[in-house]
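Trainee: First, the structure itself, so that you have it in front of you.
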Amino acid sequence: MNRIFSGVQPTGNLHLGNYLGAIRNWVRLQNDFDCIFCVVDLHAITTWQDPAALRHSTREVAAAMIAAGVDPNRNIIFHQSANPSHAELAWVFNCVARMGWLNRMTQFKEKAGKNRENASVGLFAYPNLMAADILAYKATHVPVGEDQRQHLELTRDIAQKFNHDFGVEFFPIVEPLIQGEATRVMSLRDGSKKMSKSDPSDMSRINMTDEADAIAQKIRRAKTDPEALPGPGVLEGEAKAELEAARPEAVNLLRLYSSLTDKSLADTLAEFEGAQFSHFKQVLTDVAVAVLGPIGAEMKRLTDDPGHVDGVLAKGAERAREITEPILKEVWDIVGFLRTRG
Ligand code: TRP
């Protein structure tokens, strides 16, 4: 059976990039796979998190999944720290993965920056925990953004080395389901940067809980250029790369529209060829509000009733533990730990 595992960190405002790049896709995958969706709070604390903000954010991410249409009865929604198997298996993987492998991880280099000596050990070992998240369930497919490809390759290396070292065919070799470029949402202020929760300007992103007037204001003020919109001809040959280099903000807004309406970029270009941004932005605002409005309202309703969200998470955690416990018992056996685990 094909099983999906994916995770989102509870580290701040969820925005349109998280929705179009991850959560919306999960809603679609639930029809074809047995899905486990995790709020990865253990990963969040690899960099400092205020405890109250972490609690709030954990519930908010769960609420976003439910509000967007992930059915908690058909799928498992839970938070990572509620299932001890993740941290336990991560320890075994700390002893399987090699320093050299982790030293090559570009995300660690980016996040640690110049001051590597001061990064937490957890930030360095982050990919081992991610491998444990996935392999504790023997998941076969992992939907992630392009930036996580290297971590998934590491997951495959860990599974292979474990299987090889212990002479077993135990862990599956996972397949990434990489989200396409079309779902890469860029900052509204700078088309060369990803839309991000850590951007100091709130005008750079559309949050999933933004009200209609905030969405309208952000799109109205989004950076553009004075020229009219191009037609589908720009997708041919070199022209596309030139357009992306010259007008990244325009391309971002066109992609956003395509993604929100599930149209191809070519269809969007045909629809707005020669239009002014003022017109296009108005139409884009309408679709953004139509898609996000109901989800944001439902998220607020759910976060106002934390008891309900906590109930969903508790049920999810129980089902998660039921899957991983027998797998962890086998791992313990394979590694040579005594069978007194219970
Ligand atoms: N590292 C992922 C991210 O930042 C989040 C994550 C943690 C994850 N564990 C995972 C994603 C397991 C997929 C599978 O986006």
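Trainee: With ALA320, ALA245 as the choices, which residue is loosely packed, with under 13 Cβ neighbours inside 10 Å and of a type in the set (A, V, I, L, M)?
Mentor: It is ALA245.
Trainee: Could you look through segment 187-212, keep only residues that are touching a Ser or Thr at 6+ places or on another chain (Cβ under 6 Å) and hydrophobic (A, V, I, L, M, F, W, C), and pick out the one that is farthest from GLY12 (Cα to Cα)?
Mentor: LEU188
Trainee: Are any residues in segment 78-108 without any contact (Cβ under 8 Å) to a residue 24 or more places away in the chain and within 15 Å of the ligand (Cβ to nearest atom), and if so, which ones?
Mentor: Once the filter is applied, which keeps residues that are without any contact (Cβ under 8 Å) to a residue 24 or more places away in the chain and within 15 Å of the ligand (Cβ to nearest atom), segment 78-108 yields only PHE108.
Trainee: Is it true that ASP305 is modelled with pLDDT of 95 or more and open to solvent by 30 Å² or more (accessible area, probe 1.4 Å)?
Mentor: no
Trainee: For segment 139-166, which residues satisfy the criterion of being assigned to a helix (DSSP H, G or I) and either under 21 Å from PRO84 (Cβ atoms) or within 12 Å of the ligand (Cβ to nearest atom) (or both)?
Mentor: GLU146, ASP147, GLN148, ARG149, GLN150, HIS151, LEU152, LEU154, THR155, ILE158, ALA159, PHE162
Trainee: Could you tell me which numbered condition TYR19 fails, if it satisfies all but one of (1) hydroxyl-bearing (Ser, Thr, Tyr); (2) within 10 Å of the chain's Cα centre (by Cα); (3) within 12 Å of the ligand (Cβ to nearest atom)?
Mentor: Going through the list (1) hydroxyl-bearing (Ser, Thr, Tyr); (2) within 10 Å of the chain's Cα centre (by Cα); (3) within 12 Å of the ligand (Cβ to nearest atom), TYR19 breaks only (3).
Trainee: Which residue is most open to solvent (accessible area, probe 1.4 Å), if the candidates are limited to segment 87-117 and must be among the basic types (Lys, Arg) and outside any helix (DSSP H, G or I)?
Mentor: LYS114
Trainee: Out of all the residues in segment 178-208, which are of a type in the set (Lys, Arg) and within 22 Å of VAL289 (Cα to Cα)?
Mentor: ARG184, ARG189, LYS194, LYS197, ARG205
Trainee: For segment 141-161, name all the residues that are farther than 28 Å from LYS194 by Cα and either polar (S, T, N, Q) or not assigned by TED's automatic domain parsing to the domain that holds THR106 (or both).
Mentor: Pass one, segment 141-161, residues farther than 28 Å from LYS194 by Cα: 157-161.
The one that is farther than 28 Å from LYS194 by Cα and either polar (S, T, N, Q) or not assigned by TED's automatic domain parsing to the domain that holds THR106 (or both): GLN160.
Trainee: What are the residues in segment 9-45 that are open to solvent by less than 20 Å² (accessible area, probe 1.4 Å) and under 23 Å from LEU89 (Cα atoms), if any?
Mentor: PRO10, CYS35, ILE36, PHE37, CYS38, VAL39, VAL40, ASP41, HIS43, ALA44
Trainee: Do we find that VAL8 is free of Cβ contacts under 8 Å to residues at least 60 places away in the same chain, within 9 Å of the ligand (Cβ to nearest atom) and under 13 Å from the mean Cα position of the chain (by Cα) in this structure?
Mentor: So VAL8 passes the test.
Trainee: Here is a list of conditions, (1) free of Cβ contacts under 8 Å to residues at least 24 places away in the same chain; (2) not in a helix (DSSP H, G or I); (3) not small (Gly, Ala, Ser), and LEU229 meets all of them except one; can you say which number that is?
Mentor: Tallying (1) free of Cβ contacts under 8 Å to residues at least 24 places away in the same chain; (2) not in a helix (DSSP H, G or I); (3) not small (Gly, Ala, Ser), LEU229 fails exactly one: (1).
Trainee: Tell me whether segment 130-138 contains one or more residues that are within 16 Å of the ligand (Cβ to nearest atom) and open to solvent by 60 Å² or more (accessible area, probe 1.4 Å).
Mentor: Looking for residues that are within 16 Å of the ligand (Cβ to nearest atom) and open to solvent by 60 Å² or more (accessible area, probe 1.4 Å), one finds at least one in segment 130-138, hence yes.
Trainee: Is it the case that some residue within segment 267-279 is touching a helix residue (DSSP H, G or I) at 6+ places or on another chain (Cβ under 9 Å) and under 27 Å from VAL39 (Cα atoms)?
Mentor: no
Trainee: Pairs, please: C-beta under 6 Å, at least 6 apart or cross-chain, first residue modelled with pLDDT under 95 and in segment 315-341, second among the aromatic types (Phe, Trp, Tyr)?
Mentor: These pairs meet every condition: ARG341/TRP332.
Trainee: Taking SER120 and the conditions (1) within 13 Å of the ligand (Cβ to nearest atom); (2) open to solvent by 20 Å² or more (accessible area, probe 1.4 Å), which numbered condition does it fall short on, given that it satisfies the others?
Mentor: Of the numbered conditions (1) within 13 Å of the ligand (Cβ to nearest atom); (2) open to solvent by 20 Å² or more (accessible area, probe 1.4 Å), the odd one out for SER120 is (1).
Trainee: Okay, moving on. For segment 268-302, how many residues meet the condition of being in contact with a Leu (Cβ under 8 Å, 6 or more places away or on another chain), open to solvent by less than 10 Å² (accessible area, probe 1.4 Å) and either among the aliphatic types (A, V, I, L, M) or modelled with pLDDT under 95 (or both)?
Mentor: 4
The values are calculated or read from the model by the stated rules, or taken from the named source; none is laboratory data. The structure presented is a predicted model; accordingly, all values stated were derived computationally and were not measured. Heads up, the Cβs are rebuilt from the backbone with ideal geometry, glycines too, and the neighbour counts pull from every protein chain shown. Areas reflect the complete protein model, heavy atoms only, side chains present, ligands, DNA and RNA absent. Shrake-Rupley method; radii C 1.70, N 1.55, O 1.52, S 1.80 Å.
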